[in-house]
Amino acid sequence: MSEARSKPHARTLRREFLRQATAATVASGALLQAAKGAAVHAAGEERFRVGLIGCGGRGTGAAVQALKADRATELVAMGDLFPDKLQASLSRLKKSQVGDRVLVDADHAFTGFDAYQKVIASDVDIVLLASPPHFRPKHLQACIDAGKHIFVEKPIAVDAPGVRQVLKACRQAEEKQLAVVSGLCWRYHFGARAAIDQVHSGKIGEVVAVETTYNASRPGKPFPMIRKPDWSPMEFQIRNWYWFTWLSGDHIVEQAIHSIDKGAWVFHDEPPVAAIGLGGLQARFGDPRGQIYDHHAVLFEYADGRRHYHYCRQMPGCFNQVATHVLGARGTCQIERGTRRNLQGKVEWKYEGPKNVMHQTEHDEMYAALREGTILNNGIYMCRSTMLAIMGRMATYTGQRVTWEEALASEESLGPKRYDWSEAPPEPTIAVPGLT
């Protein structure tokens, strides 16, 4: 971890986060909305032309959900680094239940490092950002500069400079009245929203601590990694992006951010003071092993003495759990299950409302809002939760107590100096606490 900039600069960054949070209007479900703008896509008037950047599994899924969200949506442009990935995604999309609105011709199927620019320039209204997390700050800024609405998958960056860039872009989006909807999908889960409301309305008393877990087996990414003789080192790493910190941010940032985000939601997205953590790479074997850890444990300290305890693990054959337990002075609340108990363990409330597919709902609400002339901007919480996860990684990788100011002001940029298949990618050194 590089040295943080001066403390006055760090305090300025913190004030900027707080200023934006105060200025934003907090709507139901902790969604951030800008002022109502002109209903340029009022119901029945215009079609939404959608472009997809990043044609992996999540990008393909997001495209289907976007087309299902509004009957007047059309997918008209796609971009990916790799032709084979794009064609595989396009084939699946055309065979899907919304395939009749997949209108991507050969002239609008772009590949290479500049594919994102060509998608944005393709007369699209909305762009879906689903490439590896490292590229999202650059892609998101380009969309805002071009005046496009955005759905952006989580996380929005892998390092502090990326978070700061996205924060700036989200402020510009608010000024331009452009939608920025985040892939932190639990914020769109009906049961989780109701459970958070139980907490925020004081039903369990003052919150004392939060425990979040994302303990799971390995994700559905090829391991051992795939490698072909004609691939350059850069292509090898990008095709196996999940296992390299500069591309994914580590699984605490790429996957466990969902649980970290729910903990942040409980605390009204107020940043902690500092983080202390431990982690390592213990149960993933092979050559290469990859760079990211397979377990992390982080304690986030808050200024008023409260604590957020986070644990995440990716190890086959272990006990798995994805849960958010909120401990209050008068009881507890389990967010995912939608249950509230008193201190004797008796269930006093259980969510029994409608169920929903949260990945679909985030798109449904985005398009419905646009039809009404309302602009959703999830920028503040998606930046904060991403930074929180990065801060946790900094603590586990270094073995040091890392303050929020130090993390947010860090100048450590994880990516290469330029993007080219012949460029040497960052060295995949595995972090050693106490030395890194």
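Okay, here's what the table says:
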quantity: Gyration tensor over alpha-carbon atoms, region 44-127, equivalent ellipsoid semi-axes in Å; calculated: 19, 15, 10
quantity: Helix runs (DSSP H) in the chain reaching 20 Å along axis by Cα, Kyte-Doolittle at least -0.5; calculated: 379-398
quantity: Whether region 341-432 is rounded, prolate or oblate, judged on the alpha carbon gyration tensor where a/c under 1.5 counts as rounded; calculated: oblate
quantity: Over the chain: helical MRE at 222 nm, DSSP H runs n ≥ 4 each giving -39500 (n - 2.57), nearest 500; calculated: -10500 deg cm²/dmol
quantity: Share, in percent, of DSSP beta bridges within the chain that are antiparallel, nearest 5; calculated: 55
quantity: Lys/Arg +1, Asp/Glu -1 at C-beta; region 124-236 dipole; positive extreme among TYR188, MET225, PRO155; calculated: MET225
quantity: Computed magnitude of the charge dipole of the chain (debye, nearest 20; Cβ of K, R +1, Cβ of D, E -1); calculated: 900
quantity: Angstrom value of the Kirkwood radius, inverse mean 1/r, which spans all Cα pairs in the chain; calculated: 22.2
quantity: Spatial extent of region 357-411: Rg and Dmax, with the Cα atoms as the point set, Å; calculated: 16.7, 49
quantity: Loop sites in region 316-353: trypsin sites (Lys or Arg not before Pro), DSSP, at most 10 other Cβ within 10 Å; calculated: LYS346
quantity: Cα shape, region 125-164, gyration tensor, a/c 1.5 rule; calculated: oblate
quantity: Region 255-296-region 369-436 distance, computed between alpha-carbon centres (Å); calculated: 12
quantity: Among GLN344, ILE390, GLY434 - extreme Cα towards positive end, dipole of region 320-436, charges at beta-carbon; calculated: GLN344
quantity: Top of HIS325, HIS268, HIS363 by mean-square fluctuation, Gaussian network on the chain, Cα under 10 Å; calculated: HIS268
quantity: Spin-label model distance (nm) - ARG71 vs ALA323, 7 Å beyond Cα toward Cβ; calculated: 4.4
quantity: GluC sites (Glu not before Pro) within region 206-287: DSSP coil, no more than 14 neighbouring Cβ in 10 Å; calculated: GLU206
quantity: Cβ crowding within 10 Å averaged over residues, with 367-376, 165-174 ranked highest first; calculated: 165-174, 367-376
quantity: Coordinate range along principal axes, alpha carbons of region 197-346, Å, largest first; calculated: 61, 31, 24
quantity: Unit charges at the beta carbon, dipole of region 79-140: most positive-side option, ALA106, GLN117, LEU81; calculated: LEU81
quantity: 10 °C / 1.306 mPa s Stokes-Einstein diffusion coefficient of region 257-377, Kirkwood radius on C-alpha pairs, µm²/s; calculated: 89
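Any read-out appearing in this document is the output of simple, stated calculations on the displayed coordinates, not a laboratory observation. Keep in mind the model is a prediction, meaning the values are calculated, not measured. Positions of Cβ are backbone-derived with ideal geometry, glycine not excepted, and every protein chain shown enters the neighbour counts.
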